[in-house]
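Structure first, commentary second.
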């Protein structure tokens, strides 16, 4: 059979020795592309689709050029290394190297299908840990793979995302469980017998809603002891192979300014005097001036604070709560006592009030119910 052209850019014909129809065209890089099909109608359609993609610049890379899933994931990691925080990158590496590459890495990117991903997810979920990976862990793995595939599409490695046709794992929304006002009071009262450093730390957690790393990253120079102004701009963080490091806050939460309450400010003044005495007796001291330190003025190890918190909860006969619970307690009690959501958002350092509303939705519902009661009274 004679060769036939479509719009002068491609050619298809019947290959008698193969009993199949063949087509050829050149992509934007001048590379020859080949297609095959069982019928003339099918080959003409394939060629037309390919030429339309070429025209719209959405033509995916040749299978040999697209590479493997492992190469795609490694390229994704290399790109993220320049854009995300070290701890975020560590989590990406963990999920990619421990789960995704062993299950999908050897597959050619152009051969990756929804079925292959679904089967891989099932193996990952079932074969890790006694009861398998949690729903949230699976959701995070899926987020990473999805981001890598979207990046591959932008680079014309593949034409579509196989995850689009899959019922993918979703994060399970965790319920915020704060301490009640009575439980908070038990912790505060139980902490009064503790060294001053711990009384101060628990007060700041309950009275500011700051994260643990933000409190441990506080410097004396961040606080105006006369006015009580506190300017938060960094947090202490443990990073792999680096130890404890100070990290600037995200751009949308830079320089969070609050004014400390009287109780917290008085404890700070008292602690500064006590720490100054320790500093005079120390052989060496970290010159950065951390508020919370070890015996030589270096920043306090987060695990030490968490350990003291757990010990205090046991002493006051409360179940174990993470130290982060104090942050939720601050927000919840604040909303219950009439703080505007925007004010809570500022203290917590959320990028927008929507995040605060989403996390503390149960509190907003209580506020709305109370508002309905007030409106009812006014209407009488």
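So which residues in the stretch 171-182 are more than 30 Å from residue 134 (Cα to Cα) and in contact with a helix residue (DSSP H, G or I) (Cβ under 8 Å, 6 or more places away or on another chain), if there are any at all?
181 - this is the single residue of the stretch 171-182 that is more than 30 Å from residue 134 (Cα to Cα) and in contact with a helix residue (DSSP H, G or I) (Cβ under 8 Å, 6 or more places away or on another chain).
This table checks each residue for (1) outside any loop (DSSP other than H, G, I, E, B); (2) in contact with a helix residue (DSSP H, G or I) (Cβ under 8 Å, 6 or more places away or on another chain); (3) free of Cβ contacts under 8 Å to residues at least 24 places away in the same chain.
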site: 184; (1), (2), (3): yes, yes, no
site: 189; (1), (2), (3): yes, no, no
site: 193; (1), (2), (3): no, no, yes
site: 201; (1), (2), (3): yes, yes, no
site: 207; (1), (2), (3): yes, yes, no
site: 210; (1), (2), (3): no, yes, no
site: 227; (1), (2), (3): no, no, no
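Which condition number in (1) in a helix (DSSP H, G or I); (2) assigned by TED's automatic domain parsing to the domain that holds residue 193 is the one that residue 351 fails?
Evaluating residue 351 over (1) in a helix (DSSP H, G or I); (2) assigned by TED's automatic domain parsing to the domain that holds residue 193 leaves (1) as the failure.
Restricting the search to the stretch 313-341, which residues are over 28 Å from the mean Cα position of the chain (by Cα) and buried (at least 19 other Cβ atoms within 10 Å of the Cβ)?
313
Quick check: anything in the stretch 186-205 surrounded by 13 or more Cβ atoms within 10 Å (Cβ to Cβ) and closer than 30 Å to residue 146 by Cα?
Looking for residues that are surrounded by 13 or more Cβ atoms within 10 Å (Cβ to Cβ) and closer than 30 Å to residue 146 by Cα, one finds none in the stretch 186-205, hence no.
Can you tell which of 117, 144, 158, 124 is in a loop (DSSP other than H, G, I, E, B) and in contact with a helix residue (DSSP H, G or I) (Cβ under 7 Å, 6 or more places away or on another chain)?
Step by step, each of 117, 144, 158, 124 is checked, and only 158 is in a loop (DSSP other than H, G, I, E, B) and in contact with a helix residue (DSSP H, G or I) (Cβ under 7 Å, 6 or more places away or on another chain).
Among 106, 156, which is the only one that is at positive phi, touching a residue at least 12 places away in the same chain (Cβ under 8 Å) and outside the structural domain of residue 51 (by TED's automatic domain parsing)?
Sole residue among the options that is at positive phi, touching a residue at least 12 places away in the same chain (Cβ under 8 Å) and outside the structural domain of residue 51 (by TED's automatic domain parsing): 156.
The values are calculated or read from the model by the stated rules, or taken from the named source; none is laboratory data. Owing to the predicted nature of the structure, the values given are computational and were not obtained by experimental measurement. Glycine also receives a Cβ, built like all others from the backbone with ideal geometry; neighbour counts cover every protein chain displayed.
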